[in-house]
Each structure stands twice: as C-alpha cells, then as structure tokens.
Amino acid sequence: MIRSRTAVLALCSMTVAFLGTGRAADPPANPNPASTTNVSPELAKLKAQLDEQKQLIEQLRTALEAQQKMLDQMAASPRRMMPNLGEVASTTPTLPSAPANAPPAPRPFDAPAPQGPETAAPAPLQIQIGDTTIMPVGFMDATAVWRDKNAGSGIGSNFSSIPFNNTTAGKLGEFRFSPQNSRLGFRVDGNWKGAHFIGYNEFDFLGTSGSNNLGVTNGAFVPRLRLFWVDVRKGQWEILGGQSWSMLTPNRKGISALPGDVFFSQTIDVNYMIGLPWTRQPGVRFLYHPTSQVTLGVSLENPNQYIGGSAGGPAIVLPAALTALAGTQLDNSSNVLVTPNVHPDIIAKIAFDPSSKVHVEIAGIERTFKDWNPATNQYSTKAAGGGSLNANFEVVKNFRLITNNYWSDGGGRYIFGQAPDVVVRANGSISPIHAGGTVDGFEAVVHKNTLLYSYYGGLYVGRNVAIDANGTSLVGYGFRGSANSQNRAVQELTFGLNQTLWKDAKYGALNFMAQYEYLFRNPWFVAANAPKATHDNTVYLNLRYTLPGGAPAIK
C-alpha cells in the first residue's frame, strides 16, 4: 500500500514539473491593453492553451495536497488493533474474530510481519517501555447458575458428588449469581539478546474464603492465582517456568502455555468438563521446535500422592492399621502440600500442526509413589503412568471437530481430582487405580459473531479391592459394600452458545453466553433399595466484558 502511494506521488510530481516548464516559457504580458483587440488567431489559441494548463496544474496541486495530508495522518495515528480473543485471559480462540479493520496481532513465535509505520504503533491498552510491552488482560463476568439439585458447589460443578434423589440435597434445587469467574492479569513481551520472552499472570476470584457472610452482608470473594509464568524462546529452543496449565492438558495449537492455545472447552462451568485431564500447577518445561509444524516438549511438574476427596472426588478406604497415612503420607485433600514425593511428575508431548486446520498430539506421564508402613518399618514404591491422544480438525470452514482421550494407571489426580491415584493394601504396599477420560464434540462459528458448541465428557474409574489384615474386611476402591460416592462412571452432555453483542478494537467486547449441562453418575456398589444412579440438570447464563488489547508482533 505504501509503495503504491509513493508511486502516485512521484508520478504527480513529474507531471507538475513537466507542465511547469511550459508555464515558465510563457511570453510576457502585453503592456498595451488596447492592442489586445488586434491579437492574431495564433496568439489567441496559445493563450487558451496556457489557461487550460494553469487549471490542470491547480487540480494536480490540490490532489497532491490531499494525498500528502492522508499519508501524514496515517503515519501519525496509532494502528487500531484488536487481540485474538484466544490470547486474552483464557478466552479460547474459536470466538468470533476481530473487526476487519483491526487485524489480530501475530501469535507468539510466529514469523513476524513486515514492520513499517503502520505496524510499529502499539495496540490500545499497552504500555511500551523501551523494547518491552505490558498489556493488561482479563474480563469481567456476571454469572447466573441454576441446578435442580443442591450440590452446594458454587458456580463450578462437583461432577462426582451429585446428590441422590433420596437425600435432602437431592430434593432441593439451587440458584445463585456470582462475579467469581472474572479474571484480571497482565502480559509482558520483550526481546533480549536475540531471545523473546513472555511473562504471563492471571487470577480469578474463586479462592477459598474464611468468611461466613458471603451471602449475607458482603460478597468478599477471595482472589486466586491461576497462572504466573515466564517463557523464553531463542531460535528453536524454548523454556518455561512457573505456574501454568499442565503440559498434560490438551492443546489447540502446538505446546503453547498461552490460555488461547490450550483446550479446556468453551463452557461457562469453571470446572470445565468431566473426563478432561487438566491442572494448573508449578513446574518447568523444555520445548524444541525442529520445524514450524512440529513441537517436542518435556516438563517436570508438581507431584502429589492423591487418594481422593478433592472437588467432590471419591476417596479410597485405607486398611484399619494405616488410616494415619491419610493427610500425612497421602493427600486426602485435608492438608496443603505436606505429603512426601519421590520426584516430579515427568510429562512428554509431541504436537503436529501441519496447517491451521489440523492439530494432533501425543502425550505421556510418568509418576512414582512411595509410602512407609510404621508397623513393619517397610517401604513400598510403585511406578505409574498414563498417556493421551488428542486432536482437533476443521472439517469445513468454521466447523471444528475435537477429540481428547486419556488413560492412566495411577493418574486420576489429573482428571480434576475426580479419581484417586492409588489404593494401599494391608501390608502397606501401593497399587495404582486405572482411570481414564474423554471429551469429544464440535465448535462452530456462525454468522461471524456466534459460537456454538457441544461436547460429551466421560470418566471411568477402575475397581481396585484388597483384603484388610483381619482377613474379612474389604478396603480400597469399588468393593462390595463401598459408599455410593465411589463412582464407576460419570458422564456429561452439554451444549451452549457465545454471542458477541458488540466489539471494538479500542473499547473491547461484550458477550452473552449460555450453557446447558446434563450430568449423571453410577457408583460401583448399590445397596438394597437404594438408587442405582443419579443425575442433575444445570443452566448457566453469563454476561462478559472483555478488555481490549493486542499482543505485539515478535521481532
């Protein structure tokens, strides 16, 4: 565009110079006005031509001034940019794109676009300090949720603890408003000695509160750290450290830790989908990019020996002589970061992105558990692990199919804590529990401003039973006589929409969102005359204002 305008200016300048030579050669005016009546026909014709040239010169001067004024305005005004909404505070990238007059910023580590006066200007809501850009990220949510059973879980679903119909909670519904899913944070981009770095921070208001007056006098919801990491890439190598989405969490693109490149569904439910492997935890990851289409990664992440009890997840039954292991050697969600661990969880992943329409990845995890039996002074160590195969395909324009599949032997903690990792036998030895999950569905953008989605999620937890030291009692998970909280399967069907009401590169976007969720679970053991299964219906409505902003181009 700049080259074409420069050519117009040059052509116009040459025309003016050429016509100007004719003007310089004009004959002097006749000093005797009276003699004009005796002008010869040749002189009259020449005079008419000169008058015509003067008019043409004035027109060209006017055009040149207008062109120069337009170019000056373009060079002086900042470029109006709208972010790829997938890069801002966990809003995923299949949301409707930015307006046509405000192209989204390149994703991190893409080849940079050619730089010029238009592309060098910062986007709205950016602070430029030298070669470093600070951009606020976030959105403000007003969420309404209704359930036909009083699960008491706030705006997030406790998938594995749906009340049965023969309980008080199963006979009453619940409704509440909440701003807790609102998120705020910042992103820092910069360059240092040929390397590009990104710092990312994000928190919401879903932290645990010690106040009993949240619904009486003051909704003083507690901020909670979600993400806080720094990523550095130079050439084909990349390293990330801090609290991020686990590398076991499915990606939408590559092995990027940016929220927009991670798959955690489009749902309003802040606990996302049953069957989805995910967590946000501290760790460090190392990535190698042999080509622009392939990424390999290894991460070391926070370990935890988990026996159930978190987020409504079922817990195992320990042998009578080893109940003291709960909360000391094995995490039953009653204590914070006190359990021993042998080494970090080791996760490896390879991702293939042959085009923007296809993403395929394979991941694996290795874990090691260890305990000590105080009665026999014996140690027990057990290795465990799991793997996943995930993919998403744009089968037709704006319609994408998604499948995420995870199976593990001792990896239940990574399915949102909805399955225990291990059971303990009477002699203190450890035995991992089989657990796996899947999330499958589609996402479609309709009429540019409407996103529709639907998913199926499923969780399966295997039975693992042992005999206690007395030779008669059963312990572990899924045994005859176990509590109906020890689930065999939990399943979910959900669908929803995300409608962009308005968006502007300078002022942000306003979205209306709705979701329907149907959950049901089946325990391993059902007592006589007890319900064999339970289910609930949940409806979410949400109004979201997203901050404007755009990541800078990578230099």
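The values are calculated or read from the model by the stated rules, or taken from the named source; none is laboratory data. Just so it is clear, the model here is predicted, and its values are computed rather than measured. Reconstructed Cβ throughout: ideal geometry from the backbone, glycine too, with neighbour counts over all protein chains shown.
For the range 396-417, filtering for residues that are over 30 Å from A466 (Cβ atoms) and surrounded by fewer than 24 Cβ atoms within 10 Å (Cβ to Cβ) leaves 8. When P259, P277 are checked against the criterion of being closer than 26 Å to F512 by Cβ, touching a residue at least 60 places away in the same chain (Cβ under 8 Å) and under 21 Å from the mean Cα position of the chain (by Cα), P259 stands alone in meeting it. Count, please, the residues in the range 497-554 that happen to be surrounded by fewer than 17 Cβ atoms within 10 Å (Cβ to Cβ), of a type in the set (S, T, N, Q) and either at pLDDT 90 or above or not assigned by TED's automatic domain parsing to the domain that holds A315 (or both). Total meeting the criteria: 3.
Taking the range 418-434 as the range and being touching a Phe, Trp or Tyr at 6+ places or on another chain (Cβ under 7 Å) and either more than 12 Å from N464 (Cα to Cα) or not in a strand (DSSP E or B) (or both) as the test, the residues that pass are Q418, P420, D421, I433. Summed over the range 517-555, residues that are part of a loop (DSSP other than H, G, I, E, B), free of Cβ contacts under 8 Å to residues at least 60 places away in the same chain and either out of contact with any Ser or Thr (no Cβ under 6 Å at 6 or more places or on another chain) or within 30 Å of V137 (Cα to Cα) (or both) total 6. The set of residues from the range 228-255 being under 21 Å from P277 (Cβ atoms) and either outside the structural domain of V284 (by TED's automatic domain parsing) or in a strand (DSSP E or B) (or both) comprises W229, L240, G242, Q243, S244, W245, N251. Checking each residue in the range 313-338 for being within 20 Å of N464 (Cβ to Cβ) and either basic (K, R) or part of a helix (DSSP H, G or I) (or both) picks out A320, A321, L322, T323, L325. Residues in the range 302-332 that are within 23 Å of S244 (Cβ to Cβ), out of contact with any Phe, Trp or Tyr (no Cβ under 8 Å at 6 or more places or on another chain) and surrounded by fewer than 22 Cβ atoms within 10 Å (Cβ to Cβ): N302, P303, N304, S310. Residues that are under 26 Å from P314 (Cα atoms) and more than 26 Å from the chain's Cα centre (by Cα) number at least 2 in the following strands (runs of 3 or more DSSP E) confined to the range 116-227: 174-178.
No other residue among N304, N341 is part of a loop (DSSP other than H, G, I, E, B) and free of Cβ contacts under 8 Å to residues at least 60 places away in the same chain apart from N341. Scanning the range 197-254 for residues that are more than 26 Å from R285 (Cα to Cα) and polar (S, T, N, Q) yields T208, S209, S211, N212, N213, T217, N218. Among all residues of the range 215-224, there is at least one that is among the hydroxyl-bearing types (S, T, Y) and modelled with pLDDT under 95.
Being surrounded by fewer than 20 Cβ atoms within 10 Å (Cβ to Cβ) and of a type in the set (D, E, K, R), is that true of even one residue in the range 133-144? So far as the range 133-144 goes, no, none of its residues is surrounded by fewer than 20 Cβ atoms within 10 Å (Cβ to Cβ) and of a type in the set (D, E, K, R). The single residue among P250, P277 that is at pLDDT 95 or above, surrounded by 24 or more Cβ atoms within 10 Å (Cβ to Cβ) and in contact with a helix residue (DSSP H, G or I) (Cβ under 9 Å, 6 or more places away or on another chain) turns out to be P277.
Listed here are the residues, each with its yes/no results for (1) under 30 Å from Q126 (Cβ atoms); (2) surrounded by fewer than 16 Cβ atoms within 10 Å (Cβ to Cβ); (3) in contact with a helix residue (DSSP H, G or I) (Cβ under 7 Å, 6 or more places away or on another chain).
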| site | (1), (2), (3) |
| --- | --- |
| P420 | no, no, yes |
| V424 | no, no, yes |
| T438 | no, no, no |
| T450 | yes, yes, no |
| N470 | no, yes, no |
| Q486 | no, no, no |
| Q491 | no, no, no |
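Scanning the range 426-473 for residues that are at pLDDT below 95 and within 24 Å of E517 (Cβ to Cβ) turns up V446, N449.
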